[in-house]
1. Select, from R30, R38, the only residue that is within 25 Å of W129 (Cα to Cα) and among the charged types (D, E, K, R).
2. Considering the stretch 19-39 alone, what residues qualify as being of a type in the set (V, I, T) and outside any helix (DSSP H, G or I)?
3. If I ask for residues that are open to solvent by less than 40 Å² (accessible area, probe 1.4 Å) and more than 18 Å from A376 (Cβ to Cβ), which ones from the stretch 72-95 would you list?
4. Of all residues being assigned to a loop (DSSP other than H, G, I, E, B) and either among the basic types (K, R) or farther than 20 Å from N127 by Cβ (or both) in the stretch 40-71, which is least open to solvent (accessible area, probe 1.4 Å)? Just the residue, please.
5. So which residues in the stretch 251-282 are open to solvent by 30 Å² or more (accessible area, probe 1.4 Å) and farther than 22 Å from M214 by Cβ?
6. So the check is Cβ under 7 Å with 6+ separation or different chains; which pairs have a first residue in the stretch 116-130 that's within 12 Å of V380 (Cα to Cα) and a second one that's open to solvent by 30 Å² or more (accessible area, probe 1.4 Å) and not in a loop (DSSP other than H, G, I, E, B)?
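The values are calculated or read from the model by the stated rules, or taken from the named source; none is laboratory data. None of these values were measured; they are calculated from a predicted model. Glycine also receives a Cβ, built like all others from the backbone with ideal geometry; neighbour counts cover every protein chain displayed. Side chains included, ligands, DNA and RNA excluded: accessible areas come from the protein's heavy atoms. Shrake-Rupley method; radii C 1.70, N 1.55, O 1.52, S 1.80 Å.
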Amino acid sequence: PGASEQGAFGADATPEAQAEGEETLRETIRRAFKRRIRADVPVGAFLSGGVDSSMVCARLLEAGVSDLHTFTVVMPGQPGDESLQAREIARRLGTSHHEITLELGDSVDWLAQALDAMDVPSCDGPNTWLVSRAVASEGYKIACSGLGGDELFYGYPSFRFARATGRVLPWLRPGRFAGRWVGQALQQLAAKPRWSRVWGALEEGCDLPALWLMRRGLFSAHEVKELAEFAARSDRLIAHARAGCVRSDSALRQTSALELQLYMHDQLLRDTDAMSMAHALEVRVPLIGKEVVEAVAALSPEWIWQGGAKWFLKRWLADDGLGGLFDGPKQGFALNWPDIWRRYLQAGPRREHVLLDARTAAREHQGFLDGQRHWARSFVVEAAGRTVRGGVARPGRSDALS
């Protein structure tokens, strides 16, 4: 992508061309789903109640799954409980729906097991560990996930941020001297994670990859150096982000490349694989089949964005009888992580770190308990300590990403 920002057809194409292009993309997605229902055991689907999982369920039915079993994790009393929405979607689509009640109570034993199943530090995997355990307990070996919809069809807030910052980037790039001058002032605020990341972005010249890492990163490059004994790695973080950014004049296209190659590939796909296989469950991701990604890459970024985040998927779901269900704010499967993590830290002593500076790691944990740090920072620090085996670590490329 990037050879032509107009792509196969753009937002300013004729209505006829737009309709033809939209149908071509639909047909590509249909073919991808038909290939991914091939199995010698029943294929189920995660149904969270959001756009992406609903799209997967609708397309699986269209592809020929006659008795689709869908699974929703129910969390009574939790703000992230989307069971009512998922139940209505399942009713309209006509799936055999399973609601699996998740009663975590005060126990954190499950979290220790999920952390032990990680092979690379992350703060995303335990959600998938819980869902996969629930689906596997129902006897299923294969389930489809809606992973990839946000990255391909511009669903994350980072795309709105890219649209806004794309207009001012040309003014920021020449201002490296001013950036460094402001950075000196921001050093005084380095104890605040957000300001530390702003400082790092200014020092790196304020291009799109630097700004994307500022928003997506849990730790700034300076903080990684302070935390890790393998600090030389942190110097390559921004270089890796720039390498993952396509050559394009479109901030939307560049952001999609960063989300696909760094966040999705290096974290979400890796975590999904590790956490699902911990329960011998195969998770398939039909929305990011090679043919689908190539078809979307041929489109104009402005066309993908013209109706807002994931408008193309929402319009197709409206044709499936699900219109009006996705007008609210984006919400994913979420646990009350601050409470869960506080109970975990208070349950017992932490493991000794091999790679991380012990005092800095302890400061991160205490910073969370004192309400000064986001829980995910402390979580990743703990995960880094647990994923070291025999003094040897295999850190991934996006350890500092959220």
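1. R38
2. The one that is of a type in the set (V, I, T) and outside any helix (DSSP H, G or I): I37.
3. Matches in the stretch 72-95: T72, V73, V74, M75, E82, S83, A86, I89, A90, L93, T95.
4. Keep residues of the stretch 40-71 that are assigned to a loop (DSSP other than H, G, I, E, B), which gives 40-42, 47-50, 64-68.
Filter once more, so that each one left must be either among the basic types (K, R) or farther than 20 Å from N127 by Cβ (or both): 40-42, 64-68.
Details: D40: 149, V41: 54, P42: 85, G64: 53, V65: 27, S66: 118, D67: 88, L68: 2 Å².
The qualifying residue least open to solvent (accessible area, probe 1.4 Å) is L68.
5. Matches in the stretch 251-282: L269, R270, D273, M277, A278, H279, A280, E282.
6. Note: pairs meeting the criteria are V120/R270.
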